[in-house]
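S.K.: What follows is a single structure, and I will ask about it in a moment.
The values are calculated or read from the model by the stated rules, or taken from the named source; none is laboratory data. Since we're looking at a predicted model, the values are computed, not measured. Here the Cβ positions follow ideal geometry from the backbone for every residue, glycine too, while neighbour counts run over all protein chains shown. Side chains included, ligands, DNA and RNA excluded: accessible areas come from the protein's heavy atoms. Shrake-Rupley method; radii C 1.70, N 1.55, O 1.52, S 1.80 Å.
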Amino acid sequence: MNELVKAAISKKFSEEPFARKFGFNLIELDEGYAKVDMTFTSDVENMFGMAHGGAIFSLMDAAFEVASNSHGTMAVALGMSVQYLTSPASGARLTAQASEINQTKRTAAYDIRATDDTGKLLAVCQALVYRLDKPLPFLS
C-alpha cells in the first residue's frame, strides 16, 4: 500500500468527529482492507441494554469507509446489507474488518464482519462502493 495514502487516511480518520464520538480506533490498514475497533459502553445501548444495532453498523461502516478509500481515490457507498447475529457483552471490545472481495474500475464489493473480543461473530455485511476518478482531497 502507498505509505502516503496510508498516513493520510490514518490521520484523517483519527480527526473524524464521528469516529471520535464513538471511540473508533483504526487498528490495521492495507490496500482494500481495514480493521477498526471500539468498546461497547452503556452510551451505545438500546432499550433492552444490548448494543444498539446502529453502533455495530457504524463500526462496520467505518471499516468499510477506510478500506474502500485505501487505493487513494474517493469511493462512496452505494449500499450495505447487514445481518445481526448476536449481541456482545457490556464492556466488550468490538472489532470490524472490511475486506475487498472484488474491484472494477468503477465499483468495489466488500465483506465486513464484526466480532467481539472472544471472537464471537456479531454481524456480517456485504457492501458496494462507487469509485470516483478523483484523488482523496486530503492527500498532500
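S.K.: What residue, of 89, 98, 108, is within 16 Å of residue 35 (Cα to Cα) and either touching an Asp or Glu at 6+ places or on another chain (Cβ under 7 Å) or at pLDDT 95 or above (or both)?
M.R.: On the way: 89 fails: within 16 Å of residue 35 (Cα to Cα); 108 fails: within 16 Å of residue 35 (Cα to Cα).
Of the residues listed, the single one that is within 16 Å of residue 35 (Cα to Cα) and either touching an Asp or Glu at 6+ places or on another chain (Cβ under 7 Å) or at pLDDT 95 or above (or both) is 98.
S.K.: May I pose another question? Give the residue that is farthest from residue 100 (Cα to Cα), with candidates limited to residues of the range 15-42 that are small (Gly, Ala, Ser) and under 13 Å from the mean Cα position of the chain (by Cα). Break it down into steps so the answer makes sense when it comes.
M.R.: The first filter runs over the range 15-42 and keeps only residues small (Gly, Ala, Ser), leaving 19, 23, 32, 34, 42.
Pick out the ones that are also under 13 Å from the mean Cα position of the chain (by Cα) and you get 19, 23, 32, 34.
Numbers: 19: 21, 23: 24, 32: 5, 34: 9 Å.
Looking at the filtered set, the residue picked out is 23.
S.K.: Scan the range 88-104 for residues that are buried (at least 18 other Cβ atoms within 10 Å of the Cβ) and either free of Cβ contacts under 8 Å to residues at least 12 places away in the same chain or not β-branched (Val, Ile, Thr) (or both) and jot them down. I'd like the intermediate steps shown before the answer.
M.R.: In the first step, residues of the range 88-104 are kept if they are buried (at least 18 other Cβ atoms within 10 Å of the Cβ); the result is 88, 92, 94-98, 100.
Once the filter is applied, which keeps residues that are buried (at least 18 other Cβ atoms within 10 Å of the Cβ) and either free of Cβ contacts under 8 Å to residues at least 12 places away in the same chain or not β-branched (Val, Ile, Thr) (or both), the range 88-104 yields 88, 92, 94, 96, 97, 98, 100.
S.K.: Okay, moving on. Only one of (1) surrounded by fewer than 18 Cβ atoms within 10 Å (Cβ to Cβ); (2) more than 22 Å from residue 122 (Cα to Cα); (3) of a type in the set (A, V, I, L, M, F, W, C) is not met by residue 5, so which one is it?
M.R.: (1)
S.K.: Restricting to the range 32-68, give me the number of residues that are open to solvent by less than 20 Å² (accessible area, probe 1.4 Å), in a helix (DSSP H, G or I) and touching a residue at least 60 places away in the same chain (Cβ under 8 Å).
M.R.: 4
S.K.: Which count do you get for residues in the range 69-87 that are small (Gly, Ala, Ser), surrounded by 11 or more Cβ atoms within 10 Å (Cβ to Cβ) and closer than 16 Å to residue 122 by Cα?
M.R.: Looking only at the range 69-87, we keep the residues that are small (Gly, Ala, Ser), and these are 70, 72, 75, 77, 79, 81, 87.
Filter once more, so that each one left must be surrounded by 11 or more Cβ atoms within 10 Å (Cβ to Cβ): 70, 72, 75, 77, 87.
This time we only want the ones that are closer than 16 Å to residue 122 by Cα, so: 87.
Selection size over the range 69-87: 1.
S.K.: Could you check the range 17-75 and list, in sequence order, the residues that are of a type in the set (Asp, Glu) and under 22 Å from residue 131 (Cβ atoms)? Even if it seems obvious, please write down each step before you answer.
M.R.: Quick first cut of the range 17-75, residues of a type in the set (Asp, Glu) only: 28, 30-31, 37, 43, 45, 61, 65.
Result: 28, 30, 31, 61, 65.
S.K.: Still on this model: From 132, 122, 29, grab the single residue that is open to solvent by less than 70 Å² (accessible area, probe 1.4 Å), in a strand (DSSP E or B) and farther than 21 Å from residue 9 by Cα. Give the steps one after another, and end with the answer.
M.R.: Working: 132 fails: farther than 21 Å from residue 9 by Cα; 29 fails: farther than 21 Å from residue 9 by Cα.
None of the others qualify; the one that does is 122.
S.K.: State whether the residues of the range 80-102 include one that is assigned to a loop (DSSP other than H, G, I, E, B), farther than 17 Å from residue 5 by Cα and within 17 Å of the chain's Cα centre (by Cα). Please lay out each step first, then the result.
M.R.: First, the residues of the range 80-102 that are assigned to a loop (DSSP other than H, G, I, E, B): 85-92.
Then keep just the ones that are farther than 17 Å from residue 5 by Cα; that gives 85-92.
From what is left, the residues that are within 17 Å of the chain's Cα centre (by Cα) are none.
The answer is no, given that none of the residues of the range 80-102 is assigned to a loop (DSSP other than H, G, I, E, B), farther than 17 Å from residue 5 by Cα and within 17 Å of the chain's Cα centre (by Cα).
S.K.: So, in the range 105-140, of the ones that are in contact with a strand residue (DSSP E or B) (Cβ under 8 Å, 6 or more places away or on another chain), among the β-branched types (Val, Ile, Thr) and without any contact (Cβ under 8 Å) to a residue 40 or more places away in the chain, which residue ends up farthest from residue 72 (Cα to Cα)? Don't jump to the end; show me each part of the working.
M.R.: Of the residues in the range 105-140, the ones in contact with a strand residue (DSSP E or B) (Cβ under 8 Å, 6 or more places away or on another chain) are 105-117, 121-137.
When the remaining residues are screened for being among the β-branched types (Val, Ile, Thr), the result is 107, 112, 115, 124, 129.
Narrowing the set further to residues that are without any contact (Cβ under 8 Å) to a residue 40 or more places away in the chain leaves 107, 115.
Details: 107: 14, 115: 27 Å.
Across the range 105-140, the extreme among qualifying residues is 115.
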